[in-house]
Amino acid sequence: MGAFIFKQPNGLYGRWSSVIDDFTAVNMTEAEYKISNIDRCIKDSEDTLKDYCYDFDKAVEETNDMLACYKDAIQDGETEMERTEAEKHYERMKESYEHDLALMREKVPSNDVETKYYNTLCELIEHLCCAYDKNWNKKRYTILEHPEHMEMILPKLQEIVKMVKSYGKGNKTK
């Protein structure tokens, strides 16, 4: 199972890990739980992109193989009508697949505002979830436990608000 979240009698939340057979969190507020999931999601996404992301040619090869298997399976239809419907479905799948490949090969202009917004949001989440000691060792905490660190977060929030307002007025970088 890995882990599960549960609501405690006091209304707060806990997390049990079957990997270490112990509680990994107790007395979390809903906000703390959500923040910890955002942090974990970003870390998992970064790990996946770093360690498991196929290059484009490999992805095309793999997906072509899957389409070929589907085409081969069409002949397994028991009736002519089943085979005809499967063939039509395959043709729609292939058309959609080729359309998507063409879209992926098109050059897309970068949007520096969105990139900066994303990076700033990631920094903000990092400030919400973590702090560093004087030796730059990461220390986990939430802003709710250390409200004195809010001064680090306010400038980031103001920067995000400013960028969103600017973006909304049509100041998009293309």
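The values are calculated or read from the model by the stated rules, or taken from the named source; none is laboratory data. Keep in mind the model is a prediction, meaning the values are calculated, not measured. No Cβ is skipped: glycine too gets one built from the backbone with ideal geometry, and neighbour counts run over all protein chains shown.
Restricting attention to segment 56-85, and to residues there that are acidic (Asp, Glu) and within 25 Å of the chain's Cα centre (by Cα), which single residue is farthest from GLU106 (Cα to Cα)? The qualifying residue farthest from GLU106 (Cα to Cα) is GLU62. Would you be able to say whether some residue in segment 2-23 is closer than 21 Å to GLU95 by Cα and out of contact with any helix residue (DSSP H, G or I) (no Cβ under 9 Å at 6 or more places or on another chain)? No, segment 2-23 contains no residue that is closer than 21 Å to GLU95 by Cα and out of contact with any helix residue (DSSP H, G or I) (no Cβ under 9 Å at 6 or more places or on another chain).
Once segment 3-29 is narrowed to residues that are touching a strand residue (DSSP E or B) at 6+ places or on another chain (Cβ under 8 Å) and of a type in the set (Gly, Ala, Ser), the residue that is modelled with the highest pLDDT is GLY14.
Condition first: within 25 Å of the chain's Cα centre (by Cα) and on the phi < 0 side of the Ramachandran plot. Now tell me which residues in segment 2-15 satisfy that.
Of the residues in segment 2-15, the ones within 25 Å of the chain's Cα centre (by Cα) are 2-6, 13-15.
Selection gives ALA3, PHE4, ILE5, PHE6, TYR13, GLY14, ARG15.
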